[in-house]
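Working notes, structure below.
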């Protein structure tokens with residue numbers, strides 16, 4: 001019997017109140033002294049009342065400078081309390097937050113600044129020269145507020161020399177709160193850019209209601225309450241940290257713990273020191289943490305639940321036992337759509353399953369990508385999505401109407417992701433369609449092969465691609481590009497895959513790299529690997545016997 005995810009019950013019942021402004025004001029009123037934000041590296045802790053007061057002062061300073069509701073405020077900074085307070089100020093003051101990847105410069109940065117038409121910017125002092133380098137394209141920015149990390153005065157002077165108004169961020173705190181109409185749930189709240197692996201990055205226009213709903217899904221997934229502390233170590237310019245970590249803590253009235261960056265060797269110490277009960281992993285973080293040498297005090301912590309995308313199925317039970325964790329949860333979704341597929345808390349999940357559809361909130365289908373006609377249970381199809389609740393999906397791609405229409409054809413959002421489902425209602429991610437492989441009549445999931453290879457103790461990163469076959473009608477041969485933490489033998493890695501994936505999916509080629517080519521948002525650029533193809537140093541298992 002097909003089952004669905006039915007555990008999602010919003011903390012804030014009225015959808016008209018699905019805004020960060022309303023959530024923050026509610027907790028500041030009902031539990032003003034409860035801890036809202038902890039930033040251990042700054043040795044700072046803020047209550048809900050303090051966070052609201054700070055956001056109001058910052059928003060007041062922006063409006064005093066001439067900011068209007070709906071103006072885009074670019075925020076380009078490493079994780080810090082000032083970044084979080086700037087984000088909250090945008091929500092409280094009715095401006096639109098535009099987080100920018102701190103790796104961006106040159107054309108990547110120019111594209112995003114021009115696309116959103118930003119008037120205001122909050123940036124770390126270390127990023128000032130990047131804006132100077134694209135000055136002719138960034139003249140729409142009227143004023144910068146610079147976060148001082150050690151070079152603040154020099155950064156402000158440099159911006160002024162190039163014709164901008166600029167001052168140190170701390171001066172924002174001197175502002176006076178101003179009365180502005182509260183943003184509505186359907187109003188634009190933030191623009192998050194996709195990574196742009198195959199073209200210019202697209203700015204996902206997210207209404208306040210969607211930002212809230214995404215956070216609410218994580219509250220449901222992790223059973224987050226006001227008694228919890230949710231830690232994130234991922235960059236706050238990503239949704240994983242913002243609306244899937246800090247914002248969920250806000251919705252639940254819990255505490256958010258923000259670190260500057262992830263450290264595999266110190267991860268469990270961070271959890272222990274801040275009495276963290278919930279945290280998240282993304283990408284290979286779980287694998288990196290698992291491969292640290294076990295310690296006698298690994299279970300000496302309060303960690304209860306981990307949101308991991310993806311969950312490393314091969315080690316998850318051992319991981320839970322080693323650290324004393326109650327549950328791992330996962331979801332499948334996109335910045336454009338929120339997460340329509342969720343894993344029930346504590347329920348035994350079939351290996352590789354992404355979860356079940358949240359049927360009260362979404363319609364989803366798996367369709368033939370050529371015809372948009374639904375495929376049968378068990379067959380692979382493209383995931384397409386429609387929301388049942390207004391304003392829980394994005395408003396489209398900001399400034400890119402043709403891309404919006406392309407993605408929403410036939411009134412369904414087309415994800416480009418290949419999934420399958422079973423008779424019990426579990427959904428399984430197979431691949432991105434553009435990354436799918438076919439070898440001698442068999443379809444191969446690059447994702448599943450990557451997960452098998454990543455299980456090898458020496459492998460820290462892996463990208464699997466198809467390269468042209470050297471036999472007629474061969475279609476593809478499989479190449480695994482790997483990064484290792486210690487010297488490893490290619491044949492040994494392939495031996496490791498035996499029994500974990502079908503023989504036809506086992507890579508023929510292994511290529512060792514110092515680092516995988518990536519976009520500034522850390523997405524692997526598989527197109528680069530395909531262009532490079534089989535290099536002189538690529539291992540070919542057909543030339544060497546493999547056990």
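The values are calculated or read from the model by the stated rules, or taken from the named source; none is laboratory data. Note that the structure is predicted; figures quoted are calculated from it, not measured. A quick note on method: Cβ atoms are made from the backbone with ideal geometry, for glycine too, and the neighbour counts reach across all protein chains shown.
Summary of computed values
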item: Single residue of the stretch 512-544 satisfying the filter (assigned to a strand (DSSP E or B) and under 30 Å from residue 107 (Cα atoms)) that is modelled with the lowest pLDDT; result: 518
item: Residue in the stretch 134-149 that is crowded, with 17+ Cβ neighbours inside 10 Å and part of a helix (DSSP H, G or I) present; result: no
item: Count of residues meeting criterion [in contact with a helix residue (DSSP H, G or I) (Cβ under 9 Å, 6 or more places away or on another chain) and crowded, with 16+ Cβ neighbours inside 10 Å] in the stretch 112-133; result: 13
item: Set 373, 322: member being in the same structural domain as residue 286 (by TED's automatic domain parsing) and surrounded by 15 or more Cβ atoms within 10 Å (Cβ to Cβ); result: 322
item: Test: residue in the stretch 199-210 that is under 30 Å from residue 400 (Cβ atoms), surrounded by fewer than 21 Cβ atoms within 10 Å (Cβ to Cβ) and touching a helix residue (DSSP H, G or I) at 6+ places or on another chain (Cβ under 7 Å); result: yes
item: Count - residues of the stretch 300-316 that are at pLDDT 95 or above and farther than 12 Å from residue 222 by Cα; result: 3
item: Selection within the stretch 32-45 - in contact with a helix residue (DSSP H, G or I) (Cβ under 6 Å, 6 or more places away or on another chain) and more than 12 Å from residue 88 (Cβ to Cβ); result: 32, 34, 39, 42, 44
item: The one condition in (1) in contact with a strand residue (DSSP E or B) (Cβ under 6 Å, 6 or more places away or on another chain); (2) surrounded by fewer than 20 Cβ atoms within 10 Å (Cβ to Cβ); (3) closer than 30 Å to residue 295 by Cα that residue 328 fails to fulfil; result: (2)
item: Filter result (closer than 27 Å to residue 19 by Cβ and at pLDDT below 95) within the stretch 244-283; result: 282
item: Pairs, first at positive phi in the stretch 526-547, second modelled with pLDDT under 85, C-beta under 9 Å, six or more apart; result: 533/468
item: Matching entry among 35, 99, 10 (being surrounded by fewer than 22 Cβ atoms within 10 Å (Cβ to Cβ) and within 24 Å of the chain's Cα centre (by Cα)); result: 10
item: Residue in the stretch 169-181 that is under 19 Å from residue 109 (Cβ atoms) and touching a helix residue (DSSP H, G or I) at 6+ places or on another chain (Cβ under 7 Å) present; result: no
item: Test: residue 184 is part of a loop (DSSP other than H, G, I, E, B) and either within 14 Å of residue 82 (Cβ to Cβ) or modelled with pLDDT of 95 or more (or both); result: yes
item: Test set (1) free of Cβ contacts under 8 Å to residues at least 40 places away in the same chain; (2) surrounded by 24 or more Cβ atoms within 10 Å (Cβ to Cβ); (3) assigned to a helix (DSSP H, G or I) - residue 272 fails condition number; result: (2)
